[in-house]
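Following: one structure in C-alpha cells, then a few remarks.
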Amino acid sequence: MPRRRPGRPRRDDQRPTRDLVLAAATALFAERGFDAVSLRDVAAAAGVDVATVAHHTGTKGQLYDACFARVFAAERQVVEAAGERARAALAAGPARALRALHDLVDVFVDFLEDRPETTALWLRRWLEPQRHAELDQRYAEPLYTLVERLLAAAAAGGALVEPTPHVTVRSLVWAVHGHVVALAAGGGSGARERREFRAFVHRLLDGLYPPATP
C-alpha cells in the first residue's frame, strides 16, 4: 500500500481535520488579527503540521476567508430560519409581526453569545476597514440585506413604519456585538447581563415600531 504524503490525510479524515484547523485559526485570528497569525501558529494550535494546514485551506489569505465563511454559514442558517418565521408572521398583524422581530433578534443574540469568537473575528477585521473589505460583501451584507428586506416588507404591508431599514439593522448588529464584548470583558456567565440586554432590545424595538393608532 503506498504511503501517504505529509499533509495528505485519508479521505475520511479530511472533513474533521479541516474543521479542526478552521476552529483553531478562527480563535487565533479573533485573538490576534490577520498579520499576527502564521500558518505555523495555526498548525501548532490544531495539533497538525503546516503541510496539513496548507493542504486543507491553502494560503493564509484563503484560510482567513475560510474562517469567515465558516462562521457565516452557521449564522446564516439560524438567521434565515428566524427570518422565514418572521416573514410568515407579517400577515398576522402588527402585534404578531413585532413579536416575530423580537424572536429574530433573540436568535441573533443567542448565536453571538454562544460563539463570541465570531464577534472578535469581525472586530479584528473592522480595525482595518479598507483591508479585506470583500469579506463584508460576502459574509455580512447578505444577512444585513435579508433583514432589511424583511423590515421593508413589514413596512409595505402596514405592520410597522421603517424609513431606513439599513440604519436600523446596522445599529442593532453593532449593539449586539458590543453586548458580546461586554460579556467577555466581565467574565463568567453574565446571566443578568443577558436578561437585561434582551429586555433592552425588546424595548428598543417596541419604541421603534409602536402599535399603529386607530
Next item on the list: Compute the distance in nm between two label points, each set 7 Å from the Cα along the Cα-to-Cβ direction, one at ALA73 and one at ARG85.
Entry: 2.4 nm
Next item on the list: Specify the residue with the greatest mean-square fluctuation among LEU20, LEU127, LEU112, computed from a Gaussian network of the chain linking alpha-carbon atoms under 10 Å apart.
Entry: LEU127
Margin query: Tell me which of ALA46, ALA25, ALA97 sits at the most positive position along the dipole axis of the range 14-104, charges placed on C-beta atoms (Lys, Arg +1; Asp, Glu -1).
Written below: ALA97
Check: Between exposed trypsin sites (Lys or Arg not before Pro) in the chain, where DSSP calls loop and at most 15 other Cβ atoms lie within 10 Å, what's the longest gap?
Finding: 11-130
Item checked: the range 87-139 shape via C-alpha gyration tensor axes, a/c threshold 1.5 -> prolate
Notebook entry, point to check: Each label point is 7 Å from the Cα along the Cα-to-Cβ direction; what then is the distance between the points at THR59 and ARG170, in nm?
Noted result: 2.9 nm
Check: Using a ≥ b ≥ c from the Cα gyration tensor of the chain (square roots of the eigenvalues), is it rounded, prolate or oblate, where a/c under 1.5 gives rounded and otherwise the larger of a/b and b/c decides, a/b for prolate?
Finding: prolate
Note to self: Please report the net charge: other residues with Cβ closer than 13 Å to the Cβ of ALA74, K and R +1, D and E -1.
What the structure shows: -3
Next item on the list: Could you pull out every whole DSSP H run in the chain that spans at least 24 Å of Cα extent along its own axis and averages 0.5 or higher on the Kyte-Doolittle scale?
Entry: 165-186
Check: Going by a ≥ b ≥ c, the root eigenvalues of the Cα gyration tensor, does the range 20-125 fall in the rounded group (a/c under 1.5), the prolate group (a/b larger than b/c) or the oblate group?
Finding: prolate
Next item on the list: Report, in debye and to the nearest 20, how large the dipole of the chain comes out about its Cα centre when Lys and Arg carry +1 and Asp and Glu carry -1 on their Cβ.
Entry: 680 debye
Notebook entry, point to check: Cβ under 11 Å from ALA89's Cβ, ALA89 left aside: what net charge do those residues give with Lys, Arg +1 and Asp, Glu -1?
Noted result: +2
Notebook entry, point to check: Tell me, what is the 1.4 Å probe accessible area of ASP114, in Å² to the nearest 10?
Noted result: 110 Å²
Next item on the list: Calculate, in nm to one decimal, what ARG99 and HIS202 gain on full extension: separation in residues at 0.36 nm each, minus their alpha carbon distance.
Entry: 36.2 nm
Check: So how far apart, in nm, are the two label points at ARG115 and ALA156 if each is 7 Å from Cα heading toward Cβ?
Finding: 3.0 nm
Note to self: Please compute, over every Cα-Cα pair in the range 103-207, the percentage with a separation greater than 19 angstrom.
What the structure shows: 49 percent
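The values are calculated or read from the model by the stated rules, or taken from the named source; none is laboratory data. If you're wondering where the values come from, they're calculated on a predicted model, not measured in any experiment. Note: ideal-geometry Cβ built from the backbone for every residue, glycine included; neighbour counts use all protein chains shown. Just so you know, the surface numbers come from the protein's heavy atoms only, side chains and all, with ligands and any DNA or RNA stripped out. Shrake-Rupley method; radii C 1.70, N 1.55, O 1.52, S 1.80 Å.
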